Each structure stands twice: as structure tokens, then as C-alpha cells.
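The values are calculated or read from the model by the stated rules, or taken from the named source; none is laboratory data. None of the values given here were measured: they were computed from a predicted structure. Glycine also receives a Cβ, built like all others from the backbone with ideal geometry; neighbour counts cover every protein chain displayed. SASA here: full protein model, heavy atoms, side chains in, ligands and nucleic acids out. Shrake-Rupley method; radii C 1.70, N 1.55, O 1.52, S 1.80 Å.
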Amino acid sequence: MTEPMVRIRGLRKRFGAKEVLCGIDMDVRPGSVMCIIGPSGSGKSTLLSCINHLERIDGGRMWVSGELVGYREHAGKLYELPERRIAGMRARIGMVFQHFNLFPHMTVLQNITAAPVRVKRQPTAQARAKALELLDRVGLADKAAAFPSQLSGGQQQRVAIARALAMEPQLMLFDEPTSALDPELVGEVLAVMRDLAASGMTMMVVTHELSFAREVGDDLVFMADGLIVERGAPRTVLADPREPRTREFLSRVL
């Protein structure tokens, strides 16, 4: 049986007195697309931030490709890794945020090549060639010299995807990548994500785009109040949810 790309056991995270992740257990198979839906405040984005160790956890364990995320374990206790080790781990996990987080003073090409050159120590010419290849893949081959302010929101998000892919990640995390876009720009970003899924990239996608989840997702997770309420094949969960809380949520958004 294939080892999960992502394995999560008993994950807990709190902010002050509020526990936002209440003991999450989850496996994500290599090459699969897991879509995560749920109401605002259910813990979806926090889950992704924990996987990328942008947030420290308060309990449980997470592994990506068999490697414990963010910590080493000794005698049953977790000890946070040095920042250099964490940066190396993050280099294998791409993350695309709701807001594009591009460097406004850099061109598109510079945004994409910065991390491979600085973090992975790639030669500039190699990073540049890869960046141009990725820009062509996301349909922006003519925008290498543009600055983010000269691009639409959809184009900026496609650049953000190309920037994440430039690090050659094993896993891609998408945190509501289309929610900040005007409706007419959503399709161009989802098209890039469909292509990425078809290429075999392992993806975890927090999304409100239920049609994308239905068409592209291999697994669908519904979260509420820091818990996984329901999980299954996207078409099954969306058409015939078992849990009342899932039915209530879908009745409001479908």
C-alpha cells in the first residue's frame, strides 16, 4: 500500500482560549487532489498553515513524505527544528494564498526566480529558464518583464502558482486561491489548477468552488468547528451528504 504523501494524527491548534483544530486525523494519497470545504472559521486555512509550519501546533503529529513536519521527536516530546531546516522543508511544499503576495518591486520573472536562486542556490540562468517555462505553462509567457501592478488579479495568481512550482514541490497547498478574484477571472486560475492536477501533483485545496471540487477532486473533506465532519468522494458528498451539518452547509451554498 502506498505511503500517504500527507499523514496527520491528532492535530490540535489553539489561538488563546479558542481551539481551532480539535484533533484532526487525515491522509492524502500521492498524486491525489483533496478539496476542503466548510464555513468561515472552521479551521481550513489554519490546517494548511500548520502543514507548512507557518503556525506552530499544540498537539499531534504531521508527516509529509514520511518526514515529521517542523519538529524532531525525542522521548515522546516534540522539539522545533532550526529555521534553516524548516526552510528546507517548506521548499518541498508549495503554497498559494488567497492574496497573491507577490513582491511589488520585482518583475514577474524576478518574483519566480528569487526563491530558487536564494534558497536552492540554483544558477540564475537555470532558474530563469525554468521560470520562463512555467510562465508559458500558466499562459503568461509574454508577462515576464511586467510588474505585479500591471497584471489583473487572475494573472497575479497564476504568477503566484508559477512561483510556487519553481521550487519543484512535492505537495501544493492552495488556500482559497480564487476568493479574492473577480468572477470573470476565476476560470483562468482554475484552468491552471486543473492542468496541475492532471499532471499528477498532490494538492490540498481549500475552496468555495464546488464545481472544481466535484470535477477535479479525488477526496472532499467538510470541516466545521475545528473538526472533520464528513469525508468522501466529492460527487457523493455534494449530492448526498450523510451528516446533518454538511447538509445544512451545502443547502446554503449550492
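Some values worked out for this structure:
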quantity: Hits in the range 104-115 - residues which are surrounded by 13 or more Cβ atoms within 10 Å (Cβ to Cβ) and at pLDDT 95 or above; calculated: M106, T107, V108, L109, Q110, N111, I112, T113, A114
quantity: Residue tally, condition of a type in the set (K, R), more than 16 Å from L220 (Cβ to Cβ) and touching a Ser or Thr at 6+ places or on another chain (Cβ under 8 Å), over the range 12-29; calculated: 1
quantity: R29 vs. criteria at pLDDT below 95 and charged (D, E, K, R); calculated: no
quantity: Any pair with Cβ under 6 angstrom, 6 or more apart, that starts in the range 167-190 at a residue that is closer than 22 Å to G38 by Cα and at pLDDT 90 or above and ends at one that is open to solvent by 30 Å² or more (accessible area, probe 1.4 Å) and among the polar types (S, T, N, Q); calculated: D175/S45; D175/Q98; E176/Q98; S179/Q98
quantity: Residue list for the range 21-48, restricted to those being hydrophobic (A, V, I, L, M, F, W, C) and either under 24 Å from T236 (Cα atoms) or buried (at least 21 other Cβ atoms within 10 Å of the Cβ) (or both); calculated: L21, I24, M26, V28, V33, M34, C35, I36, I37, L47, L48
quantity: Residue check, A239 modelled with pLDDT of 95 or more, surrounded by fewer than 18 Cβ atoms within 10 Å (Cβ to Cβ) and over 30 Å from A87 (Cβ atoms); calculated: yes
quantity: Among the candidates L140, L102, L135, residue that is under 19 Å from the mean Cα position of the chain (by Cα) and more than 27 Å from T2 (Cα to Cα); calculated: L102
quantity: Residue that is of a type in the set (G, A, S) and farther than 30 Å from L190 by Cβ, where the choices are G88, G94; calculated: G88
quantity: Output for the range 116-127, where each listed residue is surrounded by 16 or more Cβ atoms within 10 Å (Cβ to Cβ) and either in a helix (DSSP H, G or I) or aromatic (F, W, Y) (or both); calculated: P116, V117, A127
quantity: Qualifying residues in the range 59-88 (those that are touching a residue at least 24 places away in the same chain (Cβ under 8 Å) and under 30 Å from P234 (Cα atoms)) - the one surrounded by the fewest Cβ atoms within 10 Å (Cβ to Cβ); calculated: G66
quantity: Pair list, Cβ < 9 Å and 6+ apart or interchain, from the range 238-254 residues that are in contact (Cβ under 8 Å) with a residue 12 or more places away in the chain to residues that are of a type in the set (D, E); calculated: P241/E230; R242/E230; E243/E230; R245/D225; R245/E230; T246/E230
